[in-house]
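The values are calculated or read from the model by the stated rules, or taken from the named source; none is laboratory data. What you see is a predicted model; the values in this text were computed from it and never measured. When we count neighbours, we look across all protein chains shown, and the Cβ atoms used for this are built from the backbone with ideal geometry, even at glycine. For accessibility, only protein heavy atoms count, side chains too; no ligands or nucleic acids. Shrake-Rupley method; radii C 1.70, N 1.55, O 1.52, S 1.80 Å.
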Amino acid sequence: MLENLFRWLGATPVGLYMRDSDWGFASVETVHLLGLTALGGAVVVAHLAGAGVILRQSSPAAVQRGLRGFGTGALVALIVSGVLLVSSKPIRYYLDGAFRIKMLLLALAIASSIALYRAFANTDAPSPALRGAALLSLGLWLSVGVAGRIIGFL
Amino acid sequence: MNLLVDFCQWLNDLPPSQTLAESEWAFPIVESVHVLALGLVAGTVALVDLRVLGLALGDIRLTAVARRLLPLTWGGFAVMALTGGALFASEAVKLSHNPLFLLKLVLLLLAGLNAWVFHATVYRRVAVWEQAPVAPAQARVAAITSLATWTAIIIAGRFIAYVH
């Protein structure tokens, strides 16, 4: 069923354009890289503030609230450009182990970030466990990036 | 000019450059670290720019944002420069003919110059305008220039691989 979804994506006009165009893939990939940079900055700062490594004078909740709009925008740009990249060769990605692992890690990273955002918003004095969880969640995002880079080599 | 060509050739022929160029795994790994470090540099720079423009981290003082993020920016920059230098050495001759690589170098200089001018002028008086609802025009122009330059650096960097 999931495979059919990927097949359908590749057969849409957008998918056909991404497959046949010389510069389509390169341009969208660059947008994906810009989104990665933007999200990377927001994720690193939000998580390090949560872990108490930087911006200790401010509450992690205030830092994270201040990054939410920008970070969400970057994530949306990454997902839209990512879907376009996949549409160029959907079955190749569908069968790629690194791609599957990346999607799994991405889902975990998004879920853990939302959970942490809520937990930090509800406390004035984050517990050591919550601060440690922020570091783990940051590691999860890093692994998403590494898995993404590996896709390009396979 | 000849000296520059000779230098690139010499760099290219160094044993470590050859090892990096020929290794199946070292190049991709160094390249991945380069991209992640770039994300840290441009990402933290962009957050300071967005704070100047009032588009992110509105509840945190600009000086606090700038002071705390700068070590991350410099740490990332050190990794980016080291990995970038190694990547360049492995293909120095080829890259010295690549227009996008040269453009990227110019843009990096521009980004550095813009940051230096910002810190040497309007940021010196930051205590005066930090609490104001809108940053001075010069600071906003510097922030927009920085965002545009880093965007262009990333685009040029990605397209180095597509141009021969």
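Which whole number gives the average, over all residues in A:40-50, of C-beta atoms from other chains lying within 10 Å of the residue C-beta?
For peptide A:40-50, the averaged partner shielding equals 6.
Quick check: the distance between the Cα centres of segment A:16-71 and segment B:7-52, to the nearest angstrom?
Value for the Cα centre distance between the two parts: 19 Å.
Per residue, what accessible area does segment B:46-124 have, given a 1.4 Å probe and all protein chains present, in Å²?
I get 52 Å² per residue for segment B:46-124.
For chain B, set up a Gaussian network in which alpha carbons nearer than 10 Å are linked by springs, and say which option among B:THR19, B:THR151, B:THR83 fluctuates the most.
The residue that fluctuates most here is B:THR19.
Would you list B:HIS97, A:HIS47 from the most to the least accessible area, probe 1.4 Å?
B:HIS97, A:HIS47
In terms of the Cα gyration tensor, with a ≥ b ≥ c the square roots of its eigenvalues, is the protein assembly as shown rounded because a/c is under 1.5, prolate because a/b exceeds b/c, or oblate?
Cα axes put the protein assembly as shown in the oblate bin.
Keeping all protein chains in position, work out how much accessible area A:ASP22 exposes to a 1.4 Å probe, and write it in Å² to the nearest 10.
Taking all protein chains as shown, A:ASP22 has close to 130 Å².
Nearest 100 Å², what total accessible surface is buried between chain A and chain B (probe 1.4 Å)?
Summing both sides, the interface buries roughly 2500 Å².
Which of the residues in segment A:111-154 show a loss of at least 50 Å² in accessible area from their chain by itself to the complete set of protein chains, at a probe of 1.4 Å?
Buried by 50 Å² or more upon assembly, which counts only protein chains, are A:ARG149, A:PHE153.
Can you tell me the accessible area per residue over segment A:2-153, all protein chains present, probe 1.4 angstrom, in square angstrom?
50 Å²
Looking only at other chains, what is the average number of their beta-carbon atoms within 10 angstrom of each beta-carbon in B:34-43?
Partner-chain Cβ atoms within 10 Å, mean over residues of B:34-43: 6.
If you rank B:LYS94, A:LYS89, B:LYS104 by how much accessible surface each has, with a 1.4 Å probe, what is the order from largest down?
Greatest to least solvent exposure: B:LYS94, A:LYS89, B:LYS104.
How about B:LYS94: which lysines have a C-alpha closer than 16 Å to its C-alpha, ignoring those fewer than 8 places off in the same chain?
Candidates past the 8-residue exclusion: B:LYS104.
Which of rounded, prolate or oblate describes chain A when judged by the alpha-carbon gyration tensor and an a/c cut-off of 1.5?
Judged from the Cα gyration tensor, chain A comes out prolate (a/c at least 1.5, a/b above b/c).
Compare the Cα positions of A:VAL80, A:LEU138, A:ALA51 along the charge dipole of chain A (+1 at Cβ of Lys, Arg; -1 at Cβ of Asp, Glu; about the Cα centre) and return the one farthest towards the positive end.
Value computed over the given set: A:ALA51.
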